[in-house]
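S.K.: Mind having a look at this structure? Questions to follow.
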Amino acid sequence: MLCDQCKMNIATTHIRSSVNGVVVEKNLCSSCAAQSGYSQFSQNGLVNMLAGLFGDSYSIDSSKPNMRCQCCKAAFSDIAQTGKMGCSNCYTIFSEQLFPSLQRLHGKTKHIGKIPANAPSEIRIKSKLEQLKSDLKRAVSEEKFEQAAKLRDEIKQLETDDNI
């Protein structure tokens, strides 16, 4: 495949980006990639670039290098390298390092995704309680009082089961 920019050399660098849902692909030779600023994609260069996404305070030599999520066993360096959380518990464990970046990138700092199957039961119960409380508020605002009473009872049951 030829370089998209010079149309002469073989493309060795392949860049794929998505901005506002529009995917753009660039295939560049090494010299055109260097001119465009894509020459620093060695492993350390990539880690440092991703580290910039996760805040300027992050570095490979972190003050807590052995700190891992007890649920999925992910380290913050794993998250920085892949750009993906291991599980919802990672947001809590690494909140100090993640908060500035998540706020800047997403506008939100609370995990609202799926809970892994191997997550501790307390995490699943807390998530269910949050969902039930949200449903209760919605039922009350929509004046569906019978449904609200059932939700209230279910919330009380979960809270009194000493599962929290």
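S.K.: Give me a count of the residues in the range 66-77 that are within 15 Å of the chain's Cα centre (by Cα), without any contact (Cβ under 8 Å) to a residue 40 or more places away in the chain and over 13 Å from Q97 (Cα atoms).
M.R.: 2
S.K.: So, one more: In this structure, is I15 in a helix (DSSP H, G or I), open to solvent by less than 60 Å² (accessible area, probe 1.4 Å), at pLDDT 55 or above and of a type in the set (V, I, T)?
M.R.: Spelling it out, it is not the case that I15 is in a helix (DSSP H, G or I), open to solvent by less than 60 Å² (accessible area, probe 1.4 Å), at pLDDT 55 or above and of a type in the set (V, I, T).
S.K.: Separate question: Does A148 fit the bill of being touching a residue at least 40 places away in the same chain (Cβ under 8 Å) and either part of a helix (DSSP H, G or I) or open to solvent by less than 100 Å² (accessible area, probe 1.4 Å) (or both)?
M.R.: no
S.K.: Moving on to the next point. Scan the range 105-115 for residues that are surrounded by 11 or more Cβ atoms within 10 Å (Cβ to Cβ) and either at pLDDT below 65 or farther than 22 Å from Q131 by Cβ (or both) and jot them down.
M.R.: Scanning the range 105-115 gives L105, T109, H111.
S.K.: Moving on to the next point. Regarding E130, is this residue on the phi > 0 side of the Ramachandran plot, at pLDDT below 95 and open to solvent by 90 Å² or more (accessible area, probe 1.4 Å)?
M.R.: Considered against the rule, which asks whether it is on the phi > 0 side of the Ramachandran plot, at pLDDT below 95 and open to solvent by 90 Å² or more (accessible area, probe 1.4 Å), E130 comes out as no.
S.K.: Additional query: Looking at the range 151-164 only, could you name the residues that are out of contact with any helix residue (DSSP H, G or I) (no Cβ under 9 Å at 6 or more places or on another chain) and open to solvent by less than 100 Å² (accessible area, probe 1.4 Å)?
M.R.: Passing the criteria: D153, T160.
S.K.: Might you let me know whether the range 85-104 holds any residue that is among the basic types (K, R), under 30 Å from R124 (Cβ atoms) and at pLDDT 80 or above?
M.R.: no
The values are calculated or read from the model by the stated rules, or taken from the named source; none is laboratory data. Only a predicted model underlies this, so the values are computations on that prediction, with no experimental measurement involved. Virtual Cβ from ideal backbone geometry, glycine too; neighbours counted across all protein chains shown. Note: accessible area is taken over every heavy atom of the protein model, side chains too, but ligands, DNA and RNA are not part of it. Shrake-Rupley method; radii C 1.70, N 1.55, O 1.52, S 1.80 Å.
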